[in-house]
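One structure below.
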Amino acid sequence: MYFGLKLVFGVLILACLHSFVSSNPQGDALIALKASLNDSGNQLSSWNKDMVDPCTWFKVTCDKNKNVISVSLSALGFSGFLSPEIGSLKTLQTLVLQRNAITGEIPEEFGNLTSLTMLDLDNNRLTGEIPPSLGNLPELRFLYLSQNNLTGTIPDSLSHIASLAEIQLDSNGLSGQIPGGLFKVAKYNFTGNHLNCGINVSQRCASDSVGSSNKSRIGTVLGIIVGIVCLLVFGGLLLLFWKGRHKGYRREVFVDVAGEVDRRIPFGQLKRFSWRELQLATDNFNEKNVLGQGGFGKVYKGVLSDNTKIAVKRLTDYESPGGDAAFQREVEMISVAVHRNLLRLIGFCTTPTERLLVYPFMQNLSVAYRLRGNRL
């Protein structure tokens, strides 16, 4: 009895080990393809023959039953040839190898890929003829063989593929007659060959849908360019309009703008006025309210909301070297100097763009005005 149990367990273990090491026909076919493509850049390092499940490999897609349905290897720098063993992938639906440097012929065995819906070998260096066996692909919808070095005639068998929706054979060395059935395909392109189509033949070398697609792309690009130009012109006009409206005025900073109060100037009991308050008091610094003008700027007559008349000294050179320091010195000196014959300072206003001093309004104007003998 004991010996019998050991034998059963031994058989089970061997069966499990065999399932791990037994080859997978799909994996073998892909390993053969990897070897033929000359993967010098080691792009397919995950394609390991010791890993019998190819569904985890780079650029390989499987269905829920672990059948390989897609292999997409675009622009990976392969310079080898196409292995005929790929024809054993009966469940393969998509094979894309475009934009490499693959040479040699298209294997006849590709005609065994009966589930194939797309074959894309564009932009390689394939030679030889298009194998007639491709006409045995009942599900094929998209056939792309453009920009290769294919020669010979187009197999008549391709025109028997009822599901074919697009065929691109342009930029090769094909010659002879084009099977009539291929002109009924929704999208076709035979340009850049030596085929019976074009100017001297009733059939065009490319379908209208191909041409309209190119025109559509050109129209889209032109539309984008025109839109950008219009946007730039409109933006420029708005900028000019804005500058025109603000010409002659400095940027205004209102009470609710961050930085309205410059805390670098903490002077005792002097009142700190807001910009908006002085703007309203002087009627937006109207030129009609100018009391005087000097190198420091202008003095404006103003009336506060409580009907107090004031004179607002608006400095214009505080941003010059030493200008801000001079403003602070003036505030410090006037605020500490108290004498009946000296004009006292009521307050000031500071913003990131303005420095203003507020004095009582003197009906008889300044001393300099009186010394010049002027009259009101």
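The values are calculated or read from the model by the stated rules, or taken from the named source; none is laboratory data. Everything quoted here is computed from the prediction, not taken from an experiment. Don't worry about glycine lacking a Cβ; one is built from the backbone with ideal geometry, like all the others, and counts go over all protein chains shown. Accessible surface is based on the protein model in full, side chains and every heavy atom, while ligands, DNA and RNA are left aside. Shrake-Rupley method; radii C 1.70, N 1.55, O 1.52, S 1.80 Å.
Let's test the formula: R0 of 41 Å, r as the Cβ-Cβ distance of residue 359 and residue 228. What FRET efficiency results, to the nearest 0.05?
It comes to 0.15.
Please report the carbon-and-sulfur percent of the accessible area for the range 160-205; probe 1.4 Å, protein heavy atoms only, DNA, RNA and ligands left out.
C and S fraction of accessible area: 49 percent.
Using 5 Å bins from zero, what percent of all Cα-Cα pairs in the range 104-183 falls into each bin?
Per 5 Å bin, starting at 0, the Cα pair percentages come out as 3, 16, 29, 29, 19, 3.
Starting from the Cα of residue 194, move 7 Å in the Cα-to-Cβ direction to define the label point; list residues of the range 134-159 whose amide nitrogen is under 14 Å from there.
Once the point is set 7 Å along Cα→Cβ of residue 194, 150-154 turn out to lie under 14 Å by backbone N, inside the range 134-159.
What three numbers, in Å, describe the spread of the alpha carbons of the range 40-108 along their principal axes, ordered from the longest?
33, 27, 19
Checking the table 90/184; 34/184; 34/64; 271/298 against a 32 Å threshold on Cα-Cα, which pairs fail?
Distance filter (> 32 Å) returns 34/184.
Which whole-number value in Å² is the accessible area per residue of the range 72-189, probe 1.4 Å?
Accessible area per residue: 39 Å².
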